[in-house]
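The values are calculated or read from the model by the stated rules, or taken from the named source; none is laboratory data. All of these numbers come straight from a predicted model, not from anything done at the bench. Here the Cβ positions follow ideal geometry from the backbone for every residue, glycine too, while neighbour counts run over all protein chains shown.
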Amino acid sequence: MHIGNLRTALFAYLFAKSQNGKFILRIEDTDQGRYVEGSVDVIYDTLRTAGLIHDEGPDIGGSYGPYTQSERKDIYRKYALELVEKGAAYYCFCQKDERESESAEGGYDRHCRNLSPEEVKAQIDAGKPYVIRQRIPLEGTTSWNDMVYGEISVENSTLDDQVLLKSDGMPTYNFANVVDDHLMNITHIIRGSEYLSSNPKYLLLYQAFGWETPRYIHLPIINGRNADGSISKLSKRHGAVSFQALVEQGYLPEGIINYIALLGWSPKSEQEIFSMDELIAQFSVDGVHKSPAVFDYQKLGWVNGQHITMLDPQVFIRDAFRYARIEGTALESKWPKLASLLQSRITKYSDIPEKIAFLHQLPEYSTELYIHKKNKSTLGSSKAILEKAIERLSTLDDWSEESLLSTMTELAAESGLKLGPLTWPVRIALSGLMATPGGAIDILYLIGKDESLKRLSSGIQLISKENLVDEK
RNA sequence: GGUGGAUUCGUCUAACGGUUAGGACACAAGAUUCUCAAUCUUGCAAUAGGGGUUCGAUUCCCCUAUCCACUACCA
């Protein structure tokens, strides 16, 4: 499910729940050519994982079923015929595309709009395929008060005689949504602003039927930034844009929901991190705005990182494990410790492997890393410290965190150093990295005694080699 | 082309005629820390342009520019 669709669903959910209303799931599957096996399950999965629980729907029923449009075919036909009788719709026997002119006006040329009843009957009797089109009034204007966009009005003369019932007997979305929304007692319709232009046609259908119109809440679309800096509707080329893909990358559902709630809506307060319940409590249509927003992975990362940091450590340990890919390695037994180091340092689970790669294998590194002004660290001082550290650690039997900490603290005191200057070269030798999750003592503990001593002495060798080169 | 819509820091946004135009992300600096994160402090940075209306416009009106959507027997 595309993030844009999920955002629309989220706002519908938040609005419904904040008004003590019902959130209804209806499957709109009237295009048989686009049927995709399993896509309905994706919708169920996404809604469940995201925490958008519907009150009525195909899977759980309700008083207004069926909730799948392909099972309501007869209903649409009946209402389409009712419109024909009322003169608000007509049979059209034109072949698809036959009457679409390339002229400025575009659209269907209304060739069949005024066929006589006899002509219509003759064509039908001859078995000619047909569609039913809406007879749009040629004059007048149609307007409504959108809860987000305000008063919008459109000249009827600019509207198309759109198809209501297709030649395969299925309704178009444009027709089915009106019929179903009325029959299912929908009071508020929340959808993307791409429907703004077609809304007058829907209103004319309500008028033709004599039905009361629902309230409309159109939402600004979500854009993405292209490589060249331009902006267009969010799509795959901007990165992962389906909810499943983001979850698979290790974004938390609650993080994704939190972030997309902030795209096109702002709360009254300056709060930015929300749980679903808080969103429901604070959601209000006044906070929805009209201009489109650009989806920003960086801010999504920050929001998600906040949620990860807030996670119960036990939950983090459990859920992040599979991303670490340490099953069966020496690190597995130390995962709780490693996880505690990672929790505040990642924005999504998939950041983990890269962050901990150095634990598996010492990367090649430059001895320049040993030189650090603030810790008064030079190649010479580093070599001396590493030698002392090896001497002390090689005789240490209790390789626990507490023991390692006290040993290193003692060593620092004996050398007349603070802990920082002492651990700088140790951490470099252990990791080969400028920055690591956790400090020298954490890393000693994590990689174990043998590997630690090995890395420390290889650090000494590296420095010695460098000195030789320098002397030459 | 036609129709509709939009336009505040790079990004998400607040301010519904009177503010030194606020917050957040990102970025930068500092504090803190066994490095990095996290946390705290500080800094940088915006009302698309032009006309009106008004004592006073980010806010109301008009024009221009730019962007977006729709213009399917797709939803």
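Assorted remarks:
- Hey, A:ALA435 assigned to a loop (DSSP other than H, G, I, E, B) and of a type in the set (Gly, Ala, Ser) or not: yes
- Condition met for A:GLY192 (within 12 Å of RNA strand B (Cβ to nearest atom), assigned by TED's automatic domain parsing to the domain that holds A:GLN298, modelled with pLDDT under 95 and not hydroxyl-bearing (Ser, Thr, Tyr)): no
- Number of positions in the range A:187-200 that are out of contact with any Ser or Thr (no Cβ under 8 Å at 6 or more places or on another chain) and either of a type outside the set (Val, Ile, Thr) or crowded, with 17+ Cβ neighbours inside 10 Å (or both): 9
- Test: residue in the range A:347-362 that is more than 32 Å from the chain's Cα centre (by Cα), surrounded by 16 or more Cβ atoms within 10 Å (Cβ to Cβ) and outside any loop (DSSP other than H, G, I, E, B): no
- Flag for A:SER366 being closer than 27 Å to A:THR309 by Cβ and away from RNA strand B (no atom under 13 Å from the Cβ): no
- Residue count for the range A:146-182, restricted to those that are closer than 17 Å to A:GLU28 by Cα, surrounded by fewer than 18 Cβ atoms within 10 Å (Cβ to Cβ), more than 32 Å from the chain's Cα centre (by Cα) and more than 8 Å from RNA strand B (Cβ to nearest atom): 1
- Residues satisfying the stated conditions in the range A:60-81, i.e. surrounded by 15 or more Cβ atoms within 10 Å (Cβ to Cβ), over 17 Å from A:SER167 (Cβ atoms) and of a type in the set (D, E, K, R): A:ARG72
- Residue among A:LEU47, A:LEU52 that alone is in a loop (DSSP other than H, G, I, E, B), under 19 Å from A:ASN5 (Cβ atoms) and at pLDDT 95 or above: A:LEU52
- Considering (1) part of a helix (DSSP H, G or I); (2) farther than 21 Å from A:GLY439 by Cβ, the lone condition that A:ILE317 does not fulfil carries the number (2).
- Among (1) assigned to a helix (DSSP H, G or I); (2) of a type in the set (A, V, I, L, M, F, W, C); (3) out of contact with any strand residue (DSSP E or B) (no Cβ under 7 Å at 6 or more places or on another chain) - the single one A:TRP424 does not satisfy: (3)
- Criterion: more than 14 Å from RNA strand B (Cβ to nearest atom) and under 21 Å from A:LEU453 (Cβ atoms) - qualifying residue of A:LEU379, A:LEU405: A:LEU379
- Residue check, A:LEU205 closer than 30 Å to A:VAL178 by Cβ and more than 9 Å from RNA strand B (Cβ to nearest atom): yes
- Pairing each residue of the range A:221-243 that is in contact (Cβ under 8 Å) with a residue 40 or more places away in the chain and within 9 Å of RNA strand B (Cβ to nearest atom) with any residue that is part of a strand (DSSP E or B) and charged (D, E, K, R), provided the two are 6+ apart or on different chains, yields C-beta distances under 8 Å for A:ILE221/A:LYS233; A:ILE222/A:LYS233; A:ASN223/A:LYS233; A:ILE231/A:ARG225.
- Restricting A:PRO66, A:PRO129, A:PRO117 to those that are within 30 Å of A:HIS218 (Cα to Cα) and either outside the structural domain of A:HIS289 (by TED's automatic domain parsing) or more than 14 Å from RNA strand B (Cβ to nearest atom) (or both) reduces the list to A:PRO66.
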